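K.L.:
Have a look at this one before I ask anything.
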Amino acid sequence: MCALEEIPPGEGRAFAVDGQQVAVFRHRSGRVSAVQAACPHAGGPLADGQVDERVVVCPLHLNAFDLTTGESTSGQPPLAVHPCSVGPDGRVGVEL
């Protein structure tokens, strides 16, 4: 899908995967995670949100979502969470 180096540590980027927009995050720990790219509340760009090891915060209305379960910590509908990993070639793979 993309090279890990395309995503700076502590940030996210949006990518098209099989016709769906996915937000992929590279955590400072080296872990990667992926969720649907649009916030279910108002379609905010989650890849542009603040991210830590556990949650992403939508930049539009500050709704927070758990990156492992997709559950909202602020009362919104849950996100779709996608399994992802970094291969031996340094490329991030995402499963829908």
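K.L.:
Answer yes or no as to whether Gly90 is surrounded by 15 or more Cβ atoms within 10 Å (Cβ to Cβ) and on the phi > 0 side of the Ramachandran plot.
P.N.:
No: the conditions fail for Gly90.
K.L.:
Please enumerate the residues belonging to region 1-38 that are in contact with a Pro (Cβ under 8 Å, 6 or more places away or on another chain), surrounded by 15 or more Cβ atoms within 10 Å (Cβ to Cβ) and outside any strand (DSSP E or B).
P.N.:
His27, Ala37
K.L.:
Using the structure shown, decide if Ala34 is under 20 Å from Pro8 (Cα atoms) and in contact (Cβ under 8 Å) with a residue 60 or more places away in the chain.
P.N.:
yes
K.L.:
Of the conditions (1) touching a Pro at 6+ places or on another chain (Cβ under 8 Å); (2) without any contact (Cβ under 8 Å) to a residue 12 or more places away in the chain, Ala64 clears all except one; give me its number.
P.N.:
Against the list (1) touching a Pro at 6+ places or on another chain (Cβ under 8 Å); (2) without any contact (Cβ under 8 Å) to a residue 12 or more places away in the chain, Ala64 comes up short only on (1).
K.L.:
Regarding region 44-67, can at least one residue be identified that is closer than 17 Å to Val22 by Cα, at pLDDT 95 or above and surrounded by fewer than 12 Cβ atoms within 10 Å (Cβ to Cβ)?
P.N.:
No, region 44-67 has no match at all.
The values are calculated or read from the model by the stated rules, or taken from the named source; none is laboratory data. If you're wondering where the values come from, they're calculated on a predicted model, not measured in any experiment. Ideal geometry is used to build each Cβ from the backbone, glycine not excepted, and the neighbour counts take in all protein chains shown.
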